[in-house]
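Values quoted throughout were computed directly from the atomic coordinates according to the rules given, and no laboratory measurement underlies them. Worth saying up front: this structure is predicted, and the values here are computed from it rather than measured. Glycine gets a Cβ as well: all are built from the backbone with ideal geometry, and neighbour counts include every protein chain shown.
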Amino acid sequence: MLLQPSHFKLAPICRDITKPVKSIDRKRTGTAKVPQPFLRRLVRWVIASAMALAPVSHPAGAQPLRQEPCSTPSAPSVAITFDDLPYSIAGDPEARNVLHAAGDANASIVAALDRYHAPATGFVVERRVKALGQMGVTLLAPWNQGRLELGNHSFGHKDSNDLNVEEFRHEVMEGEATIGPMVRNVGRSLSFFRFPYNHVGDTADRREAFEAVLRERGYRIAASTIDTSDYLFDAAHEHALKTGDEDMRHRIEIAYLDYSRAEIAYYADLNRQVLGCDAPAIMLLHLNRINASVMDRLLGIFQRSGYRFVSLDEAQAHPAYASSPRFTTRFGPMWGYRWARDRGIKVDGSREQEPPAWIVSYGKSPAP
Ligand SMILES: [Zn+2]
């Protein structure tokens, strides 16, 4: 089956603190510049059609990469990453009095990672640090020791599609305001930058210019291979918390874990089809309350499936990550789709499930 636009996840996953009213559609399409539903669908169709019409070839006949991704067989492994530290809604207009929630969420997630001996990287948005004052800095401390490490997720979480190169450089450098001195004080350095919305450059020229800025400052681009749309489930979970509906909160958590299980398997299959082997997976999550609540169970899914937890550095040492995907898009698909496009391999995106519709609609419920 050809790749269907409605099934190809073009979407990035982060909340947009600069355009809070754009909500979910803005996140799913990855663009605020196509306001009408028809135009938005059209853009997605054009991108997906271009993917579907790409020349098909067997991996053996694909363009050679710098290193052959499958030269070293590996057992399943995964690097866990969290975006939007110190707390995913800190600084948003609708988020008030979140200090307690931010503290609890960080403590729960860090404790669960410790129980599973799982390394993790936390990508920090400096504007969210500032929104929490001294508490924001305090919450980052556990992420700067032991198996946990800090990464840069920019100052203001702006969409790079809307930035020129100098503006992007500013976002990167100002993103280091708190975390730069923190890592240097303990003899570490900032190794990874994750683009907000996974928008790594919407043209070849801009992607290369952004990459040059990151190289100058010693960064690698943080890849991501598993997307569970956790922000959608978190929106529903937040509503259940605010309304005190414990039964609904439990249902939402079960639905989230079911969907995560399906997506972990889907992306493992996709990457195996494209690369011909099991490259280390990289799980993209956010520092929010649903993840705080389910983290033990989520890590348990990986453990029971035989995954080994590795650092992002170890994951991206695999040859599959030796160079950034060349595929240019204004959207933020996972690396499996980008690798498929680079290698001219047709993939069946219709196999990827969408999050349940009731989760999406419940998460849009008006605040109580
Ligand atoms: Zn983000």
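If you check residue 129 against the conditions, is it free of Cβ contacts under 8 Å to residues at least 40 places away in the same chain and either buried (at least 20 other Cβ atoms within 10 Å of the Cβ) or farther than 23 Å from residue 302 by Cβ (or both)?
Against the criterion (free of Cβ contacts under 8 Å to residues at least 40 places away in the same chain and either buried (at least 20 other Cβ atoms within 10 Å of the Cβ) or farther than 23 Å from residue 302 by Cβ (or both)), residue 129 does not qualify.
Against the definition (at negative phi, under 20 Å from the mean Cα position of the chain (by Cα), away from the ligand (no atom under 16 Å from the Cβ) and outside any helix (DSSP H, G or I)), how does residue 94 come out, yes or no?
On the way: at negative phi: yes; under 20 Å from the mean Cα position of the chain (by Cα): no; away from the ligand (no atom under 16 Å from the Cβ): yes; outside any helix (DSSP H, G or I): yes.
So residue 94 does not fit the description; no.
Evaluate the following for residue 237: is it buried (at least 18 other Cβ atoms within 10 Å of the Cβ), more than 19 Å from residue 305 (Cβ to Cβ) and not charged (D, E, K, R)?
Taking the combined requirement at face value, the residue satisfies it.
If you check 140, 113, which single one turns out to be more than 16 Å from the ligand (Cβ to nearest atom) and either surrounded by 24 or more Cβ atoms within 10 Å (Cβ to Cβ) or not in a strand (DSSP E or B) (or both)?
113
Hand me the list of helices (runs of 4 or more DSSP H) wholly inside segment 160-275 holding 1 or more residues that are touching a His at 6+ places or on another chain (Cβ under 6 Å) and over 17 Å from residue 335 (Cα atoms). Let's see the steps before the verdict.
Numbers: elements: 165-174, 179-185, 204-216, 230-243, 246-275.
Passing ranges, in order: 230-243, 246-275.
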